[in-house]
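The values are calculated or read from the model by the stated rules, or taken from the named source; none is laboratory data. Small disclaimer: the values here were computed from a predicted structure and weren't measured. Note that each Cβ is placed from the backbone with ideal geometry, even for glycine, and that neighbours are counted across all protein chains shown.
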Amino acid sequence: MAMKFKYVRIQGAELAENTMYAKGIFSMCVQLVQNNVMDAEDAELFHEIDDWFAHELPWPEPCRRREKVVCFFKTENADEMMRYIRPMMWLLEKYDHPYYVVYTNSPGEIVYEDEYQVAVKVPGTLQIEKMQDSWSEGLKLNDKGVVED
């Protein structure tokens, strides 16, 4: 039985300067346009998609105020939006820009919500006391290499 997820986000491997959280698909495409990586026809396609979202989707107040939030689409209402997101994913692939499709039921503390999306507070930075050297560090193995309690 497949698990049903409430939220989805397309994000990159790089961090956004303002949130220090993985950049979203719009930020990644804007970066490709601003850095003149995309050719003119592809940049025009992105701008058409961006214009559609600007007209059809409310821009969350926390985003307008440049608060440290990230947005997730609600999967229950994402079908139409994904028709416009898929060409943006294609653009990222065309220009060899890595991205990840992240599904979750626990996006974080929701500070904005509308019919199609939520904005959540960016969590604090991770505090890692000591990184283990390997996956098996701390396991006790017997002389046959079997884990012992």
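Among the residues of segment 64-79, write down those that are over 26 Å from Lys4 (Cβ atoms) and crowded, with 17+ Cβ neighbours inside 10 Å. Lay out the reasoning, then the answer.
Start the filter on segment 64-79 by keeping residues that are over 26 Å from Lys4 (Cβ atoms), which leaves 64-68.
Within segment 64-79, none qualify.
Taking the criterion of being within 17 Å of the chain's Cα centre (by Cα), in a strand (DSSP E or B) and within 20 Å of Lys4 (Cα to Cα), would at least one residue in segment 80-88 satisfy it?
Checking segment 80-88: not a single residue is within 17 Å of the chain's Cα centre (by Cα), in a strand (DSSP E or B) and within 20 Å of Lys4 (Cα to Cα).
In this structure, is Val33 of a type in the set (Val, Ile, Thr) and either in contact with an Asp or Glu (Cβ under 8 Å, 6 or more places away or on another chain) or at pLDDT 95 or above (or both)?
When the stated conditions are applied, Val33 passes them.
Out of segment 22-58, which residues are closer than 15 Å to Cys71 by Cβ, surrounded by fewer than 18 Cβ atoms within 10 Å (Cβ to Cβ) and not small (Gly, Ala, Ser)?
Phe26, Val30, Asp50, Phe53, Glu56, Leu57, Pro58
Looking at segment 1-78, what strands (runs of 3 or more DSSP E) fall wholly within it and have at least 1 residues that are in contact with a Pro (Cβ under 9 Å, 6 or more places away or on another chain)? Quick ask: steps written out before the conclusion?
Values: elements: 7-15, 22-24, 69-74.
Ranges flagged: 7-15, 69-74.
Out of (1) surrounded by 12 or more Cβ atoms within 10 Å (Cβ to Cβ); (2) without any contact (Cβ under 8 Å) to a residue 40 or more places away in the chain; (3) over 23 Å from Val101 (Cβ atoms), the odd one out for Glu61 is which?
Among (1) surrounded by 12 or more Cβ atoms within 10 Å (Cβ to Cβ); (2) without any contact (Cβ under 8 Å) to a residue 40 or more places away in the chain; (3) over 23 Å from Val101 (Cβ atoms), the lone unmet condition for Glu61 is (2).
Among the numbered conditions (1) under 17 Å from Phe5 (Cα atoms); (2) at pLDDT 85 or above, tell me where Asp51 comes up short.
(1)
Report, ordered by the first and then the second residue, all pairs with beta carbons closer than 7 Å, sequence separation of six or more or different chains, a first member in segment 103-125 that is farther than 11 Å from Pro60 by Cβ and touching a residue at least 12 places away in the same chain (Cβ under 8 Å), and a second member that is polar (S, T, N, Q) and surrounded by 11 or more Cβ atoms within 10 Å (Cβ to Cβ).
Note: pairs meeting the criteria are Glu115/Asn77; Val122/Thr19.
Identify, by number, the condition in (1) closer than 20 Å to Val122 by Cβ; (2) modelled with pLDDT under 90 that Asp79 doesn't meet.
If we test Asp79 against (1) closer than 20 Å to Val122 by Cβ; (2) modelled with pLDDT under 90, just (1) comes out false.
Among the residues of segment 108-125, are any surrounded by 17 or more Cβ atoms within 10 Å (Cβ to Cβ), modelled with pLDDT under 95, part of a loop (DSSP other than H, G, I, E, B) and not hydrophobic (A, V, I, L, M, F, W, C)?
Checked against the condition, which is being surrounded by 17 or more Cβ atoms within 10 Å (Cβ to Cβ), modelled with pLDDT under 95, part of a loop (DSSP other than H, G, I, E, B) and not hydrophobic (A, V, I, L, M, F, W, C), segment 108-125 yields at least one hit.
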